[in-house]
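Reviewing the structure listed below.
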Amino acid sequence: MSKENILNAIRRGLKRGPLPDDQAMGLRARLAGHPRHLIPARSRVSRPEQIALFIRNIEKEFGSVARVADFAAIPDAVAAYLAARNLPTDFAIAPHPELADIPWDTRPLLQRRPGRAQPSDLVSLQHGYAAIAETGTLMLPAAPERPTTLNLLSDTFLVVLRASRVVGAYEEAWDLLRAESPTQPGGGFMPRNVMLVTGPSRSADIESTLELGAHGPRRLHVLLVDDDPAALG
């Protein structure tokens with residue numbers, strides 16, 4: 001359904017006619033302009049400080065981060081994480097080209113199944129689209145090469161993320177997504193689902209006792225690839 005059809009449906013529901021030209025022009029300008037909200041000063045720092053802020057916030061929310069020099073170091077990092085927690089070495093993995101190009105044969109015991117996660121999967125590995133330093137949040141848009149089920153079904157959730165894709169504020173992450181989303185006649189096309197993940201799943205609804213893995217993964221581990229020279233300081 002187009003934007004105009006949606007607005008017309010709202011007008012019919014409110015029993016009002018078309019907006020006056022000046023109001024319609026202002027509304028279109030606001031929709032097209034993506035006005036900024038108040039951006040926290042904590043995200044307005046240098047690149048090394050942004051990366052450090054992102055890592056601190058991940059850890060504050062019960063996640064963990066391992067920094068790796070490049071994609072070739074990921075198999076060793078995955079194997080070390082799984083071994084340290086006595087986790088299985090088979091996992092579901094996003095069918096993303098960057099993950100497919102990783103030299104997994106250096107760790108032959110790691111058994112990968114590309115595609116969507118299944119309820120029986122204990123470990124999944126996702127391709128991270130972007131992340132927001134101000135809250136330690138991962139942005140994970142749905143796509144054929146980035147199945148949403150990988151974010152939800154497994155007990156242990158691993159994410160490969162480039163340091164160059166860590167931004168300071170939420171507005172910058174949305175800017176990135178808008179700029180890179182495929183276009184259609186009449187404007188940009190956004191994914192049908194964008195998950196914002198801050199730490200593992202948790203709840204304190206019952207007797208105010210924190211429970212990890214309440215409605216999703218109980219572990220979140222980010223493999224941060226140091227591909228941004230400016231972020232190294």
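Based on the mean of other beta carbon atoms within 10 Å per residue, what is the order of 144-157, 53-66, most packed first?
On the way: 144-157: 19.9, 53-66: 18.4.
Sorting 144-157, 53-66 by mean packing, highest first, produces 144-157, 53-66.
Most exposed first by the Cβ proxy, i.e. fewest other Cβ within 10 Å, how do 93, 6, 39 rank? Walk me through the numbers on the way to the answer.
Details: 93 26, 6 10, 39 14.
The fewest-first ordering by Cβ neighbours comes to 6, 39, 93.
Suppose a student asked you for the relative contact order of the range 100-172, using Cα pairs under 8 Å spaced at least 6 residues apart; what percent would you report? Kindly include the intermediate steps, with their values, before the conclusion.
Working: 99 pairs, mean separation 27.0, N = 73.
Computed value for the range 100-172: 37 percent relative contact order.
Could you work out the Rg to Rh ratio of the range 40-232, with Rh taken as the Kirkwood radius (inverse of the mean 1/r over all Cα pairs)? Walk me through the numbers on the way to the answer.
Working: Rg = 16.5 Å, Rh = 17.1 Å.
Ratio of gyration radius to Kirkwood radius: 0.96.
Please work out the C-alpha center-to-center distance from the range 45-102 to the range 111-156 and express it in whole Å.
12
So for the range 40-135, considering every pair of alpha-carbon atoms, how many percent are separated by more than 21 Å?
Working: 1961 of 4560 pairs.
Across the range 40-135, Cα pairs with separations above 21 Å total 43 percent.
In terms of modelled amide H atoms, which long-range or inter-chain residues lie less than 5 Å from the amide H of residue 225?
Sorted by chain and number, the residues that satisfy this are 68, 161, 162, 163.
Please give the peptides 110-116, 10-16, 76-82, 135-141 ranked by average Cβ packing (other Cβ atoms within 10 Å per residue), highest first, as a rough proxy for protection. Spell out each step's value before the answer.
Details: 110-116: 15.3, 10-16: 9.1, 76-82: 18.1, 135-141: 22.3.
Top to bottom by mean Cβ count within 10 Å: 135-141, 76-82, 110-116, 10-16.
Residue 106 versus residue 38, label points 7 Å from Cα toward the beta carbon: distance in nm?
Here the modelled spin labels are 4.7 nm apart.
What is the sum of charges around residue 91, taking Lys and Arg as +1, Asp and Glu as -1, for the other residues whose C-beta is under 9 Å from the C-beta of residue 91? Mind dumping the intermediate values first?
Details: positive: 112, 113; negative: 90, 121.
Residues close to residue 91 contribute a combined charge of 0.
Any read-out appearing in this document is the output of simple, stated calculations on the displayed coordinates, not a laboratory observation. Since the structure is predicted, the reported quantities are computational estimates derived from the model, not experimental observations. Glycine also receives a Cβ, built like all others from the backbone with ideal geometry; neighbour counts cover every protein chain displayed.
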